[in-house]
Amino acid sequence: MQESQSFSIPLLGLAAVVGMAIVLLIGCTGDDDLKTEPAASHPHAAGGRFLALGDSYTIGESVAESDRWPLQLAELLSEEGIEVGTPTIVARTGWTSGELLDRINTARPTGVFEVVTLQIGVNDQFRGLDESQFARDLDALLDLAIEFSGDDPSRVVVLSIPDWGVTPFAAGHNRDVIASEIDRFNQLKRERVVVRGCQFIDVTSISRQAAADRTLLADDGLHPSAKMYSRWCQLALPAVRKALSAGPSSPSPKATRTAK
């Protein structure tokens with residue numbers, strides 16, 4: 001029986017309207033706020049361990065813990081008799097791809113996971129970071145995700161970057177420029193995912209529905225609501241089901257490699 005660790009992030013306090021919006025997208029708290037909790041383990045012939053890597057979208061900023069999309073997805077799998085226990089989540093509001101890499105170096109997930117999800121890049125775009133640097137960091141993250149899966153790329157499921165440009169937070173920003181940049185970042189991501197044999201899930205189109213349906217957004221007017229996350233899960237479910245169908249993963253021979 002294996003034990004996994006879940007990194008959970010408390011929601012950030014808000015001091016002012018402007019401060020709230022900026023913190024919600026790019027703000028980070030100190031490492032002392034990063035709590036380590038044992039995750040439940042449920043051995044199952046068609047299940048396994050679930051690792052979710054990402055940023056505020058993965059940690060579920062501004063929604064209840066049970067409404068985070070990795071937890072909603074685990075519940076959907078459980079309803080089908082596929083047990084993954086409590087997902088191990090390595091994510092924080094505001095992280096760029098490079099900051100996620102740094103965190104993995106200092107608090108590396110242990111063991112092998114039957115499914116690994118990755119959703120990162122919105123803060124790279126928001127901060128205006130160079131696309132070539134994003135591509136390099138993404139390459140490193142994808143290689144690590146494959147390693148964590150026991151060197152089986154079909155077990156790695158990568159979600160696209162949502163379009164925050166349709167949210168109220170983007171008022172005063174050029175929404176067309178945001179959409180164009182996010183599309184370019186997602187194209188870089190898709191190309192790298194496909195060439196490695198991983199699975200790519202496009203949730204960007206769902207995120208853009210929030211332009212006409214505000215119930216898809218959390219109360220902060222920026223991040224997805226539980227309703228939007230539920231739609232992401234329905235879209236990702238077949239890919240995750242496929243990742244888990246092959247049975248237990250084997251340990252990777254590169255278990256001691258660092259992120260960068």
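Every read-out reported here was derived from the displayed coordinates using simple, explicitly stated rules and does not represent laboratory data. These figures come from a predicted structure and were not determined experimentally. As a convention, Cβ positions derive from the backbone with ideal geometry for all residues, glycine included, and neighbour counts pool all protein chains shown.
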Practice task
Report, largest value first, the span of the C-alpha coordinates of the stretch 34-172 along each principal axis, in whole Å.
Solution key: 50, 31, 28
Practice task
Compute the label zone of Arg108 within the stretch 138-170: residues whose backbone N is under 17 Å from the point 7 Å along Cα-to-Cβ.
Solution key: 140-152
Fill in the blank from the handout: the stretch 116-208 -> Rg/Rh from Cα coords, Kirkwood Rh, value 1.00
Completion exercise
Zone reached by a paramagnetic label modelled 7 Å from Ala246 Cα along Cα→Cβ, restricted to the stretch 138-156 with backbone N below 17 Å, covers 142-156
Problem - Amide proton proximity set for Ala52, modelled H, under 5 Å, gap of 5+ - result: Thr88, Ile89, Val90, Thr117
